[in-house]
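Visitor: One structure follows; several queries about it will come next.
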Amino acid sequence: MRPSHLTRRIAGEGSDAWITHDRAVERLGRGEDVILLSIGDPDFDTPPAIREAATRALADHRTHYAPIGGEPELRAAIAATSSASLGWTVHPDQVVVYPGAQAALYALAQCLFNPGDEVIAPEPTYVTYQPVIASTGAAMRQVPLRPERQFHLDPEDLARVITPRTRALMLNFPHNPTGATLALDEAQAVAALVQRHDLVLISDEVYAALSFATPHLSPASLPGMAERTAVVSSLSKSHAMTGWRCGWSITPGSMIPHLQNLARAMYFGVAQFIQDAAAVALTAGGEELAAIRAAYARRARLLVDVLAAAPGLLARTPEAGMYLFADVRGTGLSGKAFAARLLDATGVAVTPGEGFGPSGAGHVRITLGTGDERLAEAGRRIVAFCEAGRGRERAG
Ligand code: PMP
């Protein structure tokens, strides 16, 4: 068979993000003592009330085709929670449900971008953005999130790369991998640029519910942005439901028929019993969500405390999310070399920052994805690794 041109565009650029992870998984399979902090999959179980809702739905024969854009109860629950956080009334008809936020991003790209368009994404960039954008024939233009700004977006960088071909911004705040959020003045500057240049904003907010310091601020909540923004989110991270595959988009009503046509052409809706459980997560899962958020915040503080003793490594508490993005430039190693050697020397698997883009160089992403004790143990192994490195440097 001869694969289509599309297959080349979605092949990505061979991201370095997974190199250490793949080796770590192999070792884990051989029974070695590996602490896997290199993937964004929560270690928590999906809360029991949500699992029970799915079991009930299965017993109730909720195993048939669902309405193409999503079950009315789930869309109403998404609209209600989104209205509260956005500060304007989201109508359930503006919601489309997908098998995960990833599918929402792909669907939106297909329905919004044309070949030759330019789409701006900050880097470090979540690794799937490049193939999603490229799948449409559009080109991704990256703007740096700088370590010296704690990876906060500088709207002036954004303004510099806008051209007449720019069609959209794809933002992801709270940000994977850096844990940075979008401050009010940054969001206002983004909103002004989007409106001045007649752009679309795709706002990937899958970590919104895991904001520690301040409540999440969506750029879609600012004046004039509702009609220009597609908000994307899911239950994957907030409710430890990565494997359930349930996400959504909120867009102006004019996009809905197109997104539904895409759904019809591609995956034909999301399983009823999954959507029933998702509705329970949103309507009755508040306590569980608060517990998950508190656990990540506690783990982040714990790891930052342990890593304070690591020579050459700088760890700041993230503002949100489930990752700590540590600066290892002081060790003299690249993120890639640090991650590779750390795995070999200690069995701790982290993700090299270079895998997310040049501004991630000299950093590693550490997933807060294991219990306090094991995470502290990982931290101690990292400290010992950094201390040994300093010893080697002195000896050399
Ligand atoms: N966007 C970002 C920034 C992510 O980190 C992820 C998952 N790692 C996704 C989207 C996709 O999430 P989902 O499981 O809902 O498809």
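Visitor: Would you kindly compute the Cα radius of gyration of region 309-374 and its largest Cα-Cα separation (Dmax), both in Å?
Guide: 11.4, 33
Visitor: Taking only Cα atoms and a 10 Å spring cutoff, compute GNM fluctuations for the chain and point out the largest among T55, T136, T46.
Guide: T55
Visitor: Please report, to one decimal in angstroms, the Kirkwood hydrodynamic radius of region 10-145 built from all distinct Cα-Cα pairs.
Guide: One over the average 1/r among Cα pairs gives 18.8 Å for region 10-145.
Visitor: Further question: How tilted is helix 335-346 with respect to the longest principal axis of the chain? Cα atoms for both, answer in degrees (0 to 90, nearest 10).
Guide: 60 degrees
Visitor: Over region 209-288, what relative contact order in percent results from Cα pairs under 8 Å that are six or more residues apart? Kindly include the intermediate steps, with their values, before the conclusion.
Guide: Numbers: 53 pairs, mean separation 18.6, N = 80.
Across region 209-288, relative contact order equals 23 percent.
Visitor: Shifting gears a bit: Could you identify which residue out of V90, V161, V200 has the top mean-square fluctuation in a GNM of the chain using Cα springs shorter than 10 Å?
Guide: Taking springs between Cα atoms under 10 Å, the residue moving most is V161.
Visitor: I'd like the chymotrypsin sites (Phe, Trp or Tyr not before Pro) in region 51-146 restricted to DSSP loop residues with at most 14 other Cβ atoms within 10 Å, sorted by number.
Guide: Y65, W88
Visitor: So, how do all the Cα-to-Cα distances of the chain break down into 10 Å bins, in percent, from 0 on up?
Guide: All Cα pairs considered, the percentages come to 5, 23, 31, 26, 12, 2, 0.
Visitor: With the other protein chains left in place, how much accessible area per residue, in square angstrom, belongs to the chain at a 1.4 angstrom probe?
Guide: Per residue, the chain has an accessible area of 42 Å².
Visitor: May I pose another question? Tell me, Kirkwood radius of region 119-273 from alpha-carbon pair distances, in Å? Walk me through the intermediate numbers first.
Guide: Details: mean 1/r = 0.0610 Å⁻¹.
Over region 119-273, the inverse of the mean reciprocal pair distance is 16.4 Å.
Visitor: Rounded to the nearest 500, what is the chain's calculated 222 nm mean residue ellipticity when only DSSP H runs of at least 4 contribute -39500 (n - 2.57) each, over all residues?
Guide: Theoretical 222 nm ellipticity from helices: -13000 deg cm²/dmol.
Visitor: On the protein heavy atoms, probe 1.4 angstrom, tell me the percent of accessible surface of the chain carried by carbon and sulfur. List each step's numbers first, then the result.
Guide: Numbers: 8940 of 16670 Å².
Percent of accessible area from carbon and sulfur atoms in the chain: 54.
Visitor: Over the chain, what relative contact order in percent results from Cα pairs under 8 Å that are six or more residues apart? Walk me through the intermediate numbers first.
Guide: Details: 807 pairs, mean separation 97.5, N = 396.
Relative contact order of the chain: 25 percent.
Visitor: Now, a different point. Hey, what angle do you get for helix 286-307 against the long axis of the chain, alpha-carbon based, 0 to 90 degrees rounded to 10?
Guide: Computed tilt is about 20 degrees.
Visitor: What translational D, rounded to a whole number of µm²/s, comes out for region 1-65 from Stokes-Einstein when the hydrodynamic radius is the Kirkwood one over Cα pairs, at 10 °C and 1.306 mPa s?
Guide: In µm²/s, the coefficient is 96.
Visitor: Here's something else I'd like to know. Please list the radius of gyration and Dmax for region 189-266, considering alpha-carbon atoms only, with Å as the unit.
Guide: 14.3, 41
Visitor: Continuing with the same structure: How many percent of all Cα-Cα pairs in region 284-396 sit more than 18 Å apart?
Guide: 48 percent
Visitor: So for the chain: antiparallel DSSP bridges make up what percent, rounded to the nearest 5?
Guide: About 45 percent, rounded to the nearest 5.
Visitor: Largest first and to the nearest Å, give the Cα extent of region 265-350 along each principal axis.
Guide: Here the Cα extents, ordered largest to smallest, are 52, 35, 21 Å.
Visitor: Now for a separate question. For the chain, set up a Gaussian network in which alpha carbons nearer than 10 Å are linked by springs, and say which option among I39, I202, I133 fluctuates the most.
Guide: Most flexible of the set in this elastic network: I39.
The values are calculated or read from the model by the stated rules, or taken from the named source; none is laboratory data. These numbers were taken from a predicted model, which means no experiment stands behind them. Here the Cβ is made from the backbone with ideal geometry for all residues, glycine too, and neighbour counts use every protein chain on show. Only protein heavy atoms, including side chains, enter the accessible area calculation; ligands, DNA and RNA are left aside. Shrake-Rupley method; radii C 1.70, N 1.55, O 1.52, S 1.80 Å.
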